[in-house]
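The structure under discussion appears below in the form of structure tokens.
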Amino acid sequence: MPTLSVHQKPATGRFGDFGGRFVPESLVPACDALAAAFHEAWTDPAFRAELDELLEVYAGRPTPLTPARTLSARLGVELLLKREDLAHTGSHKINNVLGQALLARRMGKHRIIAETGAGQHGVAAATAAALLGLECTVYMGERDIERQQLNVLRMTTLGATVVPVTTGSRTLKDATNEAMRAWVADVDGAHFLLGSVGGPHPYPTMVRELQSVIGNEARTQSPYVPDVVVACVGGGSNAAGTFAGFIDTTARLVGIEAAGGAAMTDGSPGVVHGARSMVLQDAEGQVAEAESIAAGLDYPGIGPEHAFLGATGRAEYYAVTDDEVVAAVRRLARAEGIICALESAHAVAWVLREAGGPLLPTGSRVVLTLSGRGDKDMATLGAVA
Amino acid sequence: MTLLVPYLTAGLTEDWIDYLLAVQEAGADAIEVGLPFSDPMLDGATIQQASDRALARGVTVASILQELSLVRGQVRTPLIAFTYANLVFRPGPDVFCRRLAEAGFRGLIVPDLPLDEVAEVSRAAEQAEIELTLLVAPVTTDERLAEIVARSRGYVYAISRMGTTGEQTSLAASAAALAARIKAVTTLPVLVGFGVTGPEQAVAAGRAGDGVAIGSALMRRVLDGATAADLGAEVAALRAALDSASQEDSAERRTPYAEVSGHRG
Ligand SMILES: Cc1ncc(COP(=O)(O)O)c(C=O)c1O
């Protein structure tokens, strides 16, 4: 499997049969301009140096790779946790937004538009906007606003405008539609700061590259090439960034979806939000509503590169249930003193479930990306018996 | 004469076919039939609401096409399906286009299928004798515009403004500029649409292009309770406004689908 580098991708952003750019004509020039600007910035040492510095002195990178000693002993596997929960704003989302906000500024944009589910991407976008002096509008489903109050307050404190989205399932899918509509209406002034590896080209490639810092660090920090690399998958950005560091190794790449939003497990090829990928949908192509306790994974699609990695067999995708996830948050907290996000707990739950079984034999060496911290989920957890 | 192409969300009400026929009788030159999609990314609040309501009623593409087949004999106006890419790709472009043709459709517009992704659907449409109309935006470069126009069939659709569909208080200045750029390179009729609201804007849009597409402004009326007869009257008023303006201008107009609506040419 070759390394998937931005420099080798065709202009249309294909990953095998997946990807592409299924956007209204009104957005095509903006996508072209963004692809060109990103390519130029990503190959410019000055841009890379500025981003690397921000990641270090502002976001707190590198994040540690923490051995989960108690769980490892009990499960009979060697478990290393890549601690994105310790990055500024509390999740891996900061890696992507700092890169895109710098890019937006370089492109002369004065404003960013973002969609958010759990609110982690919205908080990260609002943070980067505050840092770089950009205006920020975040679209968020009404239902997510209700269950992620803390993050709504964080965003408004940072000076962002949070716009409730009341259509459809009132979650991330609908917030993404609304953000794209807002972008069409202000394509010259605004940069659409997409939070994951979905969307039209160049987003899936650009966001993966910006998140590859997770995998690249973990690879250097890990004393060995692990047998398994595992991360949770909503749109798939923390997983894509993690996988990028190990794609050319023998490590198995494992993505864990929410059982109620498992596009890889239960979906079929479809075109949503600008790309062809795997999608939860009915027989005619109406997109289904996902249902997960983790707002950040409550999404019926997945980034097109994951669809490709799954189709070629380079990566494996499994699903875990809400109950397993809640139990995993609690067990990790008690065993290691780390309260992770409900999203991240999907990866933990899979390890807890499979350790010692055929998918994760005893003695396996595992690098697990803990994508975020759980403060935002305390109210949700408190409401679960 | 200026072409009038009203849009109607299929399945919005149980008696939506009556609305379709009323719009036909009121003097539509073609009718855009919106096949509702769960995620209408390029539609504003009105058509989102119309799509949501139709889907909540339980309509499907299959049920819509079935209903249309039943009234085929009564439909003389060319029908153009307006829908999103996923509904085309899910059954496959060949199957989808064949089904459209069997239900009596003449054309297809897919707003999230830009030039770069259009090849497969273009081929399928041609095979099924469905005219795939492509869209041009105010930001489209001249080079791209020429290629889009060359691949477009039936009409060329000029997106009047940078934004979604949805009622507007005035016609964007970009509409006339874009229509003129398109007319300079094609003999196909140019339809101006997206947000055109009321007779005055319709006349202005008609002057800019060869015809006007009107959707949200009509669907707003239906969502607010207009009957089929009310909608017919609304379309008749648009028709009258366009016709009297055309008489004043007596400008040369180009006509699509010549064998069907050539009487207007
Ligand atoms: C902590 C955390 N992890 C994971 C995700 C899912 O996103 P992705 O799959 O793009 O990493 C989110 C999204 O909100 C999140 O907040």
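Things worth noting here:
- Scanning segment B:99-115 for residues that are under 17 Å from B:Val33 (Cβ atoms) and assigned to a helix (DSSP H, G or I) yields B:Arg99, B:Leu100, B:Ala101, B:Glu102.
- Count of segment B:182-201 residues which are buried (at least 23 other Cβ atoms within 10 Å of the Cβ) and within 14 Å of B:Arg161 (Cα to Cα): 7
- Test: residue in segment A:49-63 that is β-branched (Val, Ile, Thr), more than 14 Å from chain B (Cβ to nearest Cβ) and part of a helix (DSSP H, G or I): yes
- Applying a threshold of 9 Å to beta carbon distances and a minimum spacing of six or more residues, or different chains, the list of pairs starting in segment A:231-254 at a residue that is more than 14 Å from chain B (Cβ to nearest Cβ) and in contact (Cβ under 8 Å) with a residue 24 or more places away in the chain and ending at one that is more than 15 Å from the ligand (Cβ to nearest atom) and of a type in the set (Asp, Glu) reads A:Gly245/A:Glu217; A:Thr250/A:Asp227; A:Ala251/A:Asp227; A:Arg252/A:Asp227; A:Arg252/A:Glu316; A:Leu253/A:Glu316; A:Val254/A:Glu316.
- Residues in segment A:157-174 that are under 19 Å from B:Leu55 (Cβ atoms), modelled with pLDDT of 90 or more and open to solvent by less than 20 Å² (accessible area, probe 1.4 Å): A:Val165, A:Lys173, A:Asp174.
- Among the residues of segment A:273-303, the ones that are open to solvent by less than 30 Å² (accessible area, probe 1.4 Å), touching a residue at least 24 places away in the same chain (Cβ under 8 Å) and more than 14 Å from the ligand (Cβ to nearest atom) come to 2 in all.
- Residues in segment B:100-127 that are out of contact with any strand residue (DSSP E or B) (no Cβ under 9 Å at 6 or more places or on another chain) and farther than 23 Å from A:Asp17 by Cβ: B:Ala101, B:Glu102.
- Filtered residues of segment A:80-134 (kept if assigned to a helix (DSSP H, G or I), closer than 15 Å to A:Ala37 by Cβ and open to solvent by less than 10 Å² (accessible area, probe 1.4 Å)): A:Gly99, A:Gln100, A:Ala101, A:Leu102, A:Leu103, A:Ala104
- Helices (runs of 4 or more DSSP H) within segment A:298-385 that include 3 or more residues modelled with pLDDT of 95 or more: A:304-312, A:322-336, A:345-354
- Residue match in segment A:110-128 (condition: of a type in the set (D, E, K, R) and within 16 Å of the ligand (Cβ to nearest atom)): yes
- Against the test of being more than 19 Å from B:Arg106 (Cβ to Cβ), within 14 Å of chain A (Cβ to nearest Cβ) and open to solvent by less than 30 Å² (accessible area, probe 1.4 Å), the options B:Ile47, B:Ile64 yield a single qualifying residue, B:Ile47.
- Here segment A:348-373 is the region considered, the condition is being open to solvent by less than 10 Å² (accessible area, probe 1.4 Å) and within 9 Å of the ligand (Cβ to nearest atom), and the residue that is nearest to A:Ala251 (Cα to Cα) is A:Thr369.
- Among the conditions (1) closer than 24 Å to A:Ile145 by Cα; (2) away from the ligand (no atom under 16 Å from the Cβ); (3) in contact (Cβ under 8 Å) with a residue 40 or more places away in the chain, A:Lys376 misses just one, which is (2).
The values are calculated or read from the model by the stated rules, or taken from the named source; none is laboratory data. Everything quoted here is computed from the prediction, not taken from an experiment. Note that each Cβ is placed from the backbone with ideal geometry, even for glycine, and that neighbours are counted across all protein chains shown. With ligands, DNA and RNA removed, areas are computed over all heavy atoms of the protein, side chains included. Shrake-Rupley method; radii C 1.70, N 1.55, O 1.52, S 1.80 Å.
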